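Chemist: Quick one: the structure is below, questions incoming.
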Amino acid sequence: MARPSYTYKALNRTVGKALHHYDMISDGDRILIGVSGGVDSLSLMWILQERRRRVPIDYELFGVHVDPGFEGGFGDELAAYCRQQGVALTVAHTDDGVVAHSPQNRENPCFLCASRRRKRLFKIAAALECNKVALGHNRDDIVETFFLNMCYAGEMSTMMPAQSFFDGRFTVIRPLAYTGEDLIRRFARQHALPAFVNPCPSAGSSKRQVIKAWLAQLYRGNRKIRGNIFRAMRHVKPEYLLK
């Protein structure tokens, strides 16, 4: 039997830490995984499915891919891959991305597309009787969202690793909350996860990409900055903020 790879052990450790710290998964949970086709969501599906075989918690996984309606969609190929991994995938064909990029909504297509996708995920979760919705946002996504909200929305907030919605009907969990995107990329390469090309016309040119490029420049100047920013979001001093 092959020894576990370094990337597997590192990913399992960070995911396990997040799951434990936020009590994300309980016995009997029915968990919808939002599978975009990117390496984050595929790595999340892989590790949650792998953990099912060895942890003393009984839970079920249901994959869901929301196709935004652009040419070049890959729902069938993604469903085939998920079946190989032992996870059934529901493909929801929509026009969310097309509507979000229509002439009437050119100012912020990503916000509208994400909002419509979230609503569809909750609707499908209800139909599948799922009580948890697992998303593949990682530690870097959480930091970037903090700066996105501060720069473009004028507020200090970000995505929570675990958050209840609709009076507790659903809980959104982000098991990759403590995992850096660099580790996820290495894990995906080492474990030969497939690469699906995002057909969205805003891919690579969104406001998030602007923030990501700015942060990358900061990180190059001081390797401690990445971790310091993440830790700072848990060490807030309200008495030193404006009122």
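Chemist: Would you check which residues across region 62-118 are aromatic (F, W, Y), more than 26 Å from G28 (Cβ to Cβ) and modelled with pLDDT of 90 or more and list them? Walk me through it before giving the result.
Modeler: We begin by selecting, within region 62-118, every residue aromatic (F, W, Y); these are 62, 70, 74, 81, 111.
Checking the rest, the ones that are also more than 26 Å from G28 (Cβ to Cβ) come to 70, 74, 81, 111.
F74, Y81 - these are the residues of region 62-118 that are aromatic (F, W, Y), more than 26 Å from G28 (Cβ to Cβ) and modelled with pLDDT of 90 or more.
Chemist: While we're on this one: Could you go through region 15-28 and let me know if any residue there is part of a loop (DSSP other than H, G, I, E, B), of a type in the set (S, T, N, Q) and either surrounded by 17 or more Cβ atoms within 10 Å (Cβ to Cβ) or touching a residue at least 12 places away in the same chain (Cβ under 8 Å) (or both). Give the steps one after another, and end with the answer.
Modeler: Initial filter on region 15-28 (part of a loop (DSSP other than H, G, I, E, B)): 22-28.
Pick out the ones that are also of a type in the set (S, T, N, Q) and you get 26.
Subsequent filtering for residues that are either surrounded by 17 or more Cβ atoms within 10 Å (Cβ to Cβ) or touching a residue at least 12 places away in the same chain (Cβ under 8 Å) (or both) retains 26.
Scanning region 15-28 turns up at least one residue that is part of a loop (DSSP other than H, G, I, E, B), of a type in the set (S, T, N, Q) and either surrounded by 17 or more Cβ atoms within 10 Å (Cβ to Cβ) or touching a residue at least 12 places away in the same chain (Cβ under 8 Å) (or both).
Chemist: Right, here's the next one. Could you list all residues from region 192-224 that are among the β-branched types (V, I, T) and either part of a loop (DSSP other than H, G, I, E, B) or surrounded by fewer than 15 Cβ atoms within 10 Å (Cβ to Cβ) (or both)? First the steps, then the outcome.
Modeler: The initial filter retains those residues of region 192-224 that are among the β-branched types (V, I, T), namely 197, 210-211.
Within region 192-224, V197 is the sole residue that qualifies.
Chemist: With the structure loaded, tell me whether F70 is in contact (Cβ under 8 Å) with a residue 40 or more places away in the chain, crowded, with 18+ Cβ neighbours inside 10 Å and aromatic (F, W, Y) or whether it fails that test. I'd like the intermediate steps shown before the answer.
Modeler: Details: in contact (Cβ under 8 Å) with a residue 40 or more places away in the chain: yes; crowded, with 18+ Cβ neighbours inside 10 Å: no; aromatic (F, W, Y): yes.
Answer is no for this residue.
Chemist: Are there any strands (runs of 3 or more DSSP E) wholly within region 109-191 with 1 or more residues that are free of Cβ contacts under 8 Å to residues at least 60 places away in the same chain, and if so which?
Modeler: Working: elements: 132-134, 162-165, 170-173.
The qualifying strands (runs of 3 or more DSSP E) are 162-165, 170-173.
Chemist: Restricting to region 144-168, and then to whatever is within 13 Å of the chain's Cα centre (by Cα) and not polar (S, T, N, Q), can you tell me which residue is nearest to A10 (Cα to Cα)?
Modeler: P161
Chemist: Further question on the same structure: Give me a count of the residues in region 162-178 that are out of contact with any Leu (no Cβ under 9 Å at 6 or more places or on another chain) and buried (at least 20 other Cβ atoms within 10 Å of the Cβ).
Modeler: So the answer is 3.
Chemist: Quick check on region 74-107: of everything there that is touching a residue at least 60 places away in the same chain (Cβ under 8 Å) and in a loop (DSSP other than H, G, I, E, B), which residue is farthest from the chain's Cα centre (by Cα)? I'd like the intermediate steps shown before the answer.
Modeler: Kept after step one, since they are touching a residue at least 60 places away in the same chain (Cβ under 8 Å), are these residues of region 74-107: 74, 77-78, 81, 97, 101.
Checking which are in a loop (DSSP other than H, G, I, E, B) leaves us with 74, 101.
On the way: F74: 19, H101: 22 Å.
Out of the qualifying residues, it is H101.
Chemist: Could you please find all residues in region 119-138 being in contact with a helix residue (DSSP H, G or I) (Cβ under 6 Å, 6 or more places away or on another chain) and either farther than 26 Å from G28 by Cβ or acidic (D, E) (or both)?
Modeler: Step one: list which residues in region 119-138 are in contact with a helix residue (DSSP H, G or I) (Cβ under 6 Å, 6 or more places away or on another chain), which gives 133, 136, 138.
N138, the sole residue that qualifies.
Chemist: Let me ask something else about it. Is it fair to say Q49 is in a helix (DSSP H, G or I), more than 17 Å from N198 (Cβ to Cβ) and at pLDDT below 95? Show your work before the answer.
Modeler: Numbers: in a helix (DSSP H, G or I): yes; more than 17 Å from N198 (Cβ to Cβ): yes; at pLDDT below 95: no.
Taking the combined requirement at face value, the residue does not satisfy it.
Chemist: Looking at S41, is it in contact (Cβ under 8 Å) with a residue 60 or more places away in the chain, assigned to a loop (DSSP other than H, G, I, E, B) and surrounded by 17 or more Cβ atoms within 10 Å (Cβ to Cβ)?
Modeler: Details: in contact (Cβ under 8 Å) with a residue 60 or more places away in the chain: yes; assigned to a loop (DSSP other than H, G, I, E, B): no; surrounded by 17 or more Cβ atoms within 10 Å (Cβ to Cβ): yes.
Criteria not met by S41.
The values are calculated or read from the model by the stated rules, or taken from the named source; none is laboratory data. Treat the numbers as computed from the prediction; the structure is a model and nothing was measured. Using ideal geometry, Cβ is built from the backbone for each residue, glycine included, and neighbour counts are taken over all protein chains shown.
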